[in-house]
1. Tally the DSSP beta bridges in the stretch B:4-211 and give the antiparallel ones as a percent, rounded to 5.
2. Relative to the other copies, what are the label-point distances for B:Glu67, with labels 7 Å from Cα along the C-beta vector, expressed in nm at one decimal and sorted shortest first?
3. Please list, in chain and number order, the residues 5+ apart from A:Gly152 or on another chain whose amide H is under 5 Å from its amide H, with Hs placed from the backbone.
4. If you plug each phi of the stretch A:43-53 into the Karplus form 6.51 cos²θ - 1.76 cosθ + 1.60 with θ = phi - 60°, what whole-Hz ³J(HN,Hα) values come out, in order, with x for Gly and Pro?
5. Hull surface divided by four, with the convex hull built on the Cα atoms of the stretch B:20-96: how many nm²?
6. In debye, nearest 20, what is the charge dipole magnitude of chain B about its Cα centre with +1 on Lys and Arg Cβ and -1 on Asp and Glu Cβ, if you could check?
7. Label points 7 Å out from Cα along the Cβ direction at B:His48 and B:Ala63: separation in nm?
8. Dipole of the stretch A:111-161, Cα-centred, from +1 at each Lys and Arg C-beta and -1 at each Asp and Glu C-beta, to the nearest 20 debye?
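No value in this document is a laboratory result; all are computed from the given coordinates. All of these numbers come straight from a predicted model, not from anything done at the bench. Methodologically, a virtual Cβ is constructed for each residue, glycine included, from the backbone with ideal geometry; neighbour enumeration extends over all protein chains shown.
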Number of protein chains: 2
Amino acid sequence: MSLVTANISTSLDGFVCGPNDSRENPLGDGGERLHEWVYDLASWREIHGIEGGETNRDDEIFAESIENVGAVVMGRRMFDNGEGPWGDDPYEGHWGDEPPFGVPVFVLTHHAREPLEMAGGTTFTFVTDGIERAIELAMDAAGGGDISIAGGASTIRQTLEAGMLDVLEIHLVPILLGNGIRLFERSDVDGIELERTRVVESPVVTHLRYRL
Amino acid sequence: MSLVTANISTSLDGFVCGPNDSRENPLGDGGERLHEWVYDLASWREIHGIEGGETNRDDEIFAESIENVGAVVMGRRMFDNGEGPWGDDPYEGHWGDEPPFGVPVFVLTHHAREPLEMAGGTTFTFVTDGIERAIELAMDAAGGGDISIAGGASTIRQTLEAGMLDVLEIHLVPILLGNGIRLFERSDVDGIELERTRVVESPVVTHLRYRL
């Protein structure tokens, strides 16, 4: 059965992005440090068309997070870094002609737009009917694979609050950002219990996997 | 050398206390679930004068958190559950005649008050000059032992922001409280890096220790 999964790096104080984020500074001040652990990994480099890289425990964790993905769901801001509603020269995402997904991607937005077919198997479909509909479409398109909720934080929270998230893996990075965008904002979740299914300590990051 | 340490249980979404906390509901709605892992432990029971209890990995962790403590620092609200400024019949804490500390305890407050000597080695000294002074007094009183910052969250944050915290151990409980008091509020910490020194998975809780 397809699982709906989310993988996200957070600081110890719970931020997925530093303060002062903008189109030019999409991860906010200091936010790139949340992702430093992935850039040298062989599996991350491979999907970005770069040779070589580390093949350590972090690499296994990252490889695992993408290996069974049949479709992706993301928020509009993740797609366009806040470029805003589509104009005459609509933005095509910040991943170039051949985005690293290689599967159907469903982008949550309030602004309807025709689908976008990219090289390498990535298509972007724009969904204006909310998270539940986006996940439904992703399920249909995933061919039995898992649905990866790529982010941002608000899209992950919407999935969780809709009761549709099966697996949450937090890559906990030992820094304090102090400010920015939180993975968990105050909400009405009210006492959801999770089952911790795995903890992996790599040299710096702690990978915490939970089943909902 | 004395270390300044803080041990605190948080929910996965970062709360140390659930919503709607009050004098009668000091841990807030659902907040008692953050501490369920300690109540059956032999080392917790021992300092509360109760026999028996579990002697598992959680018990070792809890025992360790108190074994070298020479003095304690806490916020006023932790001392009196928000009972408020001292009246004619001043509150004596909610631990009875023989509080479980057995060492000098320094209570941060804006309201001066005479020290309070309890049975079993616990004394409460009320400090109105802020966190740095409280820690200084605790150092002097600790006889070479460690200083435990007992909480609440705001007292731990003040210690951290003053650059005086050496060790932070978070007991991460796999529940989402959705609301309440956070361990980390937005602040100016701006990119503090920690060193993760230990991760222990007990059956439910993940104990994460960091060195500052």
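1. Given both bridge residues lie in the stretch B:4-211, the antiparallel proportion sits at roughly 40 percent.
2. 4.0
3. A:Gly75, A:Met78
4. For the stretch A:43-53, the Karplus-derived couplings read 5, 5, 5, 4, 6, 9, x, 10, 7, x, x Hz, x marking Gly and Pro.
5. Projected over every direction and averaged, the Cα hull of the stretch B:20-96 covers 6.4 nm².
6. In debye, rounded to 20, chain B gives about 540.
7. Taking the two extended label points, one gets 1.8 nm.
8. Values: 3 positive and 8 negative charges, 35 e Å.
With Lys and Arg at +1 and Asp and Glu at -1, about 160 debye.
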